[in-house]
Amino acid sequence: MDVNRARTAGFCMGVSLALKKLDDELRKKDVSGRIVTLGSIIHNPQVIESYEAKGVVRATDSRELLPGDRVLIRAHGIPREKEEKLSELGVTVIDATCPKVKRAQLGIASMYNDGQTLLLFGEADHPEVRGLLSYAGPDSEVFGSLEEFAALSLNLETIYFLAAQTTQDIGEYNKIIAFAEEKLGYNPIALSTVCSATRKRMQETIELARGADIVVVVGG
């Protein structure tokens, strides 16, 4: 049996940085307080279990936090209002948000502050998407495909801009961008928020699948 391993297998830069920050906290010997991740630091149950075995606490809500805790914001980021509330709780905040997610958050905030309304290509219930939406206004729309975008009922007097969850398919996003002018009657600004690591992994998966009988994805 021949086994071909993907060249781009393994953690992306954002995940690696988040785990490095968590490891750095675990190595500190002269600091008190629990080490807590607000939500799952990454999407990988095996990794999460290994850190819980080392004493890392996973909180699902800020109400579970205690004064003196060292709290890591997960790689996907958290909603803006939750991040701001952490400063009131007497905890030490370590921001492990992926730099590319943070760039998307700040880009969305800049466009919203300029008076434009967000159209976001992503999974509505994903933690990254909930974080991204918190940097825009209540009139933002989320859709998961070109078909869902086409079906949206939009106010044509509103000036919209486009962004995508960092792990979405760049090919689908490009189709949405191309269709947006037809739907809106003008060419909206489209932020470049899809992660290059995601693009490389998706493309290599397609290439491997073309020459294999079975593709196995290992991880969360």
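Assorted remarks:
- Helical mean residue ellipticity (222 nm; -39500 (n - 2.57) per DSSP H run of 4+; nearest 500) of the chain: -12500 deg cm²/dmol
- Too-long pairs where the Cα-Cα distance tops 29 Å, listed order kept, from 82/175; 85/200; 102/200; 21/175: 82/175; 85/200; 21/175
- Using R0 = 35 Å, the C-beta based FRET efficiency linking residue 178 and residue 209 works out to 0.85.
- Total formal charge among the other residues, if their Cβ is under 13 angstrom from that of residue 149, Lys/Arg +1 and Asp/Glu -1: -4
- Computed in the context of the full set of protein chains, the accessible area of the range 162-206 at 1.4 Å probe radius has 53% of its extent on carbon or sulfur.
- 24, 169, reordered so the largest accessible area comes first (probe 1.4 Å): 169, 24
- With protein chains left intact and a 1.4 Å probe, residues in the range 1-158 average 56 Å² of accessible area per residue.
- Note on the range 60-209: along the principal axes its Cα atoms extend 53, 45, 21 Å, ordered by decreasing extent.
- With the simple spin-label model, which puts each label point 7 Å out from Cα in the Cβ direction, the residue 155 to residue 196 separation comes to 3.9 nm.
- Carbon plus sulfur fraction of accessible area for the range 16-65, probe 1.4 Å, in percent: 51 percent
- Near residue 48, once Lys and Arg are set to +1 and Asp and Glu to -1 for all other residues with Cβ below 13 Å from its Cβ, the sum equals +1.
- All lysines inside 21 Å of residue 28 as judged from Cα atoms, apart from same-chain residues fewer than 8 positions distant: 20, 54
- Each Lys or Arg adds one and each Asp or Glu subtracts one; over the other residues with Cβ under 9 Å from the Cβ of residue 31, this totals +1.
- GNM result for the chain, Cα springs below 10 Å: residue of 136, 197, 75 fluctuating most strongly: 197
- Largest accessible area first, the residues 76, 43 order themselves as 43, 76 under a 1.4 Å probe with ligands, DNA and RNA left out.
- Exposed loop sites here are trypsin sites (Lys or Arg not before Pro) assigned a DSSP state other than H, G, I, E or B and surrounded by at most 12 other beta carbons within 10 Å; excluding them, the longest clear run of the chain is 55-220.
- Taking every alpha-carbon pair in the range 27-131 and binning the separations at 10 Å intervals from zero gives 13, 43, 31, 11, 2 percent.
- A probe of 1.4 angstrom, applied to the heavy atoms of all protein chains, finds residue 146 with accessible area near 40 square angstrom.
- Accessible surface of the range 86-139, 1.4 Å probe, proportion on carbon and sulfur as whole %: 49 percent
The values are calculated or read from the model by the stated rules, or taken from the named source; none is laboratory data. Since the structure is predicted, the reported quantities are computational estimates derived from the model, not experimental observations. Neighbour counts run over all protein chains shown; Cβ positions are idealised from the backbone, glycine included. These accessible areas exclude ligands, DNA and RNA; they are computed on the full protein's heavy atoms, side chains included. Shrake-Rupley method; radii C 1.70, N 1.55, O 1.52, S 1.80 Å.
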